[in-house]
Amino acid sequence: ASSRDVERGCALLGVWALAAAGCQSPSGGPPLASDRYEACTLEATTRIDWARSHLAKEEWSQAAGYLRQALALCPEHVAAHLLYQDMALRAGGDVAADMQRFYADDSDQGAPLRPYLQARLAQDDDTRLKLLQEALRRDSSLYWAYLSEARIMRALGRTAKALDALETALAARPAFPEARLEEAEVLTELGRFEEGEHSYAEYLRARPLD
């Protein structure tokens, strides 16, 4: 079978089965990620839509309630987690405090998303990086964690390290527009303009309305 056929077959497997099946990216990097961090039920998606309508009116408590319902239905849906965290931090007060308590709980030990989400709320880069490493120890295909690591490295001026992390994220999930946009910006900062233009074009193919 061709490497493309192998990739397609690997993408159908659960993350925990990837290593046993030998499903690694063609570059020999992390296992190809499944859709576990993107998949969501229609019921949960409807609640996310309701939350967004309340967010547009700055009705924070109602939005938070619907997002918590969505996360109960799809606990690994990263986009819903990010929306909840960012919304609550913007709202402040009791909404933010409730959100902080929600993510401080680590009763689901072993779940890779928990340290990744805690890293987004950490107050310093050392803590963020330690939490991201723990998330990647639990799931080496957690492409969102590589993106966060890249953003920290970029902010610290370690642009080459940022690019390494982005390449790893994209090896785990080639269809990852957020990482592709970051890659375009990092390549441009490194003076690699032609490659940066290519990455930006790839991003626009995925997000043509941006």
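Annotations
- Residue, modelled with the lowest pLDDT, within the range 103-114, restricted to residues that are of a type in the set (A, V, I, L, M, F, W, C) and open to solvent by less than 50 Å² (accessible area, probe 1.4 Å): ALA111
- Residues satisfying the stated conditions in the range 100-125, i.e. in a loop (DSSP other than H, G, I, E, B) and of a type in the set (D, E, K, R): ASP105, ASP106, ASP108, ASP124
- Hits in the range 115-137 (condition: open to solvent by 30 Å² or more (accessible area, probe 1.4 Å) and without any contact (Cβ under 8 Å) to a residue 24 or more places away in the chain): GLN118, GLN123, ASP124, ASP126, THR127, LEU129, LYS130, LEU131, GLN133, GLU134, ARG137
- Counted residues, the range 78-102 - those being touching a residue at least 12 places away in the same chain (Cβ under 8 Å), touching a Phe, Trp or Tyr at 6+ places or on another chain (Cβ under 9 Å), open to solvent by less than 50 Å² (accessible area, probe 1.4 Å) and within 18 Å of TRP60 (Cβ to Cβ): 9
- Taking first residues from the range 29-41 that are farther than 26 Å from ALA70 by Cβ and in contact (Cβ under 8 Å) with a residue 24 or more places away in the chain and partners that are open to solvent by less than 30 Å² (accessible area, probe 1.4 Å) and of a type outside the set (S, T, N, Q), the Cβ contacts under 6 Å between residues at least 6 apart in sequence or on separate chains come to GLY29/ALA171; PRO30/ALA172; PRO31/LEU18; PRO31/CYS23; LEU32/CYS10; LEU32/CYS23.
The values are calculated or read from the model by the stated rules, or taken from the named source; none is laboratory data. Keep in mind that this is a model prediction, so the values were computed, not measured. Virtual Cβ from ideal backbone geometry, glycine too; neighbours counted across all protein chains shown. Accessible surface is based on the protein model in full, side chains and every heavy atom, while ligands, DNA and RNA are left aside. Shrake-Rupley method; radii C 1.70, N 1.55, O 1.52, S 1.80 Å.
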